[in-house]
Amino acid sequence: MIGYGHQAGNLVFGLEGEAAASTTERCAGNVCHGSGRDLYAGGRIGYVVGGNTMLYAKGGYTNARVPLAVGTETLDGFRVGGGVETNVSGRAFVRAEYRYSEYEANAHKHQGTVGVGLRF
């Protein structure tokens with residue numbers, strides 16, 4: 001993930017992008033589906049509470065390449081979510097986030113993530 005944020009008082013506005021890949025696959029009989037590559041570009045808005053913790057909401061465009069038993073399919077969609085981010089030092093932070101992605105063909109995904117990052 002890569003992003004840029006700007007803080008104005010307690011409000012934080014930002015843009016972010018992400019590329020992720022997975023080899024998860026589920027099969028039921030002869031029908032298989034899985035999770036392949038996932039791209040995301042969007043924005044987020046946050047509010048700083050307690051000095052070094054931010055609560056935020058996010059949203060944007062997502063595109064997934066989904067492996068199927070008969071090939072792959074590329075699906076466009078949107079992602080919304082929210083989370084909490086806390087500074088642990090001058091540049092380092094930890095984050096917990098929930099994401100919901102909805103794609104074409106009535107496909108959707110719920111995700112929970114936990115991460116560590118550095119600001120430059």
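The values are calculated or read from the model by the stated rules, or taken from the named source; none is laboratory data. The model shown is predicted, which means the values in this text are computed figures rather than measured ones. Neighbour counts are summed over all protein chains in view; Cβ atoms, including those assigned to glycine, are modelled from backbone coordinates with ideal geometry.
Residue-by-condition table, conditions (1) modelled with pLDDT of 90 or more; (2) more than 20 Å from residue 20 (Cα to Cα):
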residue	(1), (2)
46	yes, yes
54	yes, yes
58	yes, no
72	no, no
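For the stretch 71-107, the candidate set comprises residues that are assigned to a strand (DSSP E or B) and of a type in the set (S, T, N, Q); within that set, the residue that is nearest to residue 43 (Cα to Cα) is 101. For the stretch 44-92, a residue qualifies if it is within 16 Å of residue 117 (Cβ to Cβ) and surrounded by fewer than 18 Cβ atoms within 10 Å (Cβ to Cβ), and the qualifying residues are 52, 53, 84, 86, 87, 88, 89, 90, 91, 92.
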